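Here's the structure we're looking at; comments come further down.
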Amino acid sequence: MPDEIEVPLEQSQEHIHEAHEEQEKHRAGHGEGGEGGEGGKEGKGKDGWVRFIAVLTAILAVVAAVGALKSGLLVNEALLAKNNALLSKSEQVKNLTQKSDDYNYYQATGLKALIYQTAAQGLPPGSPVAADDRKQSAHYKDKQAEIKKQADDSDAKSNEAEKEVKRANEESDHIMEKHHLFAFSVSLCQIAIALSAIAALTRSRRVWFFGLAAGALGVLALVAGFAGLHPPQWLVF
């Protein structure tokens, strides 16, 4: 099982908290220096923006946590399906081996029946030995029919196991496709959280807009995963 996806919420929140404290110190410095009015409004605006980033980061962390949990559950389901495929493959190999053994036994039994039949034909009619040989030949022919039935049963079981292997592998691949979508959602949310922390520290709204875009895509990927949509082919790695 792959390592559990971790959401770096604590470090991002620490960075945003540091940015918020710097804003408070900056506002306090302006207040002591006698600057008010427009400067105070600007400080309050930036302070509100940092608070909004903190709230948005917490929401994205929740989305990432849900995606990580669902992704981990899907990986477990995929591994279980793959394990079932391996078990079915083992059953298929066992039945194929049994089928091969049965057909070898079938040929050997048919050879014995032919030997007794040939021996009986070379003896005088009414000979007790000839009658016994014909009896043995008939016995081996009947036994040959039973062996062929066993071989056919092994062949049928092998074919059934092969179908189960294919079904379990397809199920595992389908589950892994859904896992990729949730993992993609978690990655986008992590990127959005990191960009939000950088934006709060650098006071860069441009960086924050990139974080918003990544977060929106992450939420959409999560919704698409729960809706059962298939991820694009380039996302399935």
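At-a-glance table
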read-out: Every pair of residues 6+ apart whose Cβ atoms lie under 6 Å, when the first sits in region 56-82 and is closer than 15 Å to His180 by Cβ and touching a residue at least 40 places away in the same chain (Cβ under 8 Å) while the second is of a type in the set (D, E, K, R) and buried (at least 17 other Cβ atoms within 10 Å of the Cβ); value: Leu74/Lys178
read-out: Unique match (being at pLDDT below 50 and either under 18 Å from Ala216 (Cβ atoms) or of a type in the set (D, E, K, R) (or both)) among Lys46, Lys41; value: Lys41
read-out: Residue in region 186-203 that is exposed (fewer than 13 other Cβ atoms within 10 Å of the Cβ) and either in a loop (DSSP other than H, G, I, E, B) or polar (S, T, N, Q) (or both) present; value: yes
read-out: Which numbered condition Asn159 misses (of (1) part of a helix (DSSP H, G or I); (2) over 30 Å from Pro232 (Cα atoms); (3) modelled with pLDDT under 90); value: (3)
read-out: Test: Ala151 is closer than 30 Å to Asn84 by Cα, aliphatic (A, V, I, L, M) and surrounded by fewer than 16 Cβ atoms within 10 Å (Cβ to Cβ); value: no
read-out: Among (1) surrounded by fewer than 21 Cβ atoms within 10 Å (Cβ to Cβ); (2) closer than 26 Å to Val66 by Cα - the single one Glu146 does not satisfy; value: (2)
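The values are calculated or read from the model by the stated rules, or taken from the named source; none is laboratory data. Everything quoted here is computed from the prediction, not taken from an experiment. Note: ideal-geometry Cβ built from the backbone for every residue, glycine included; neighbour counts use all protein chains shown.
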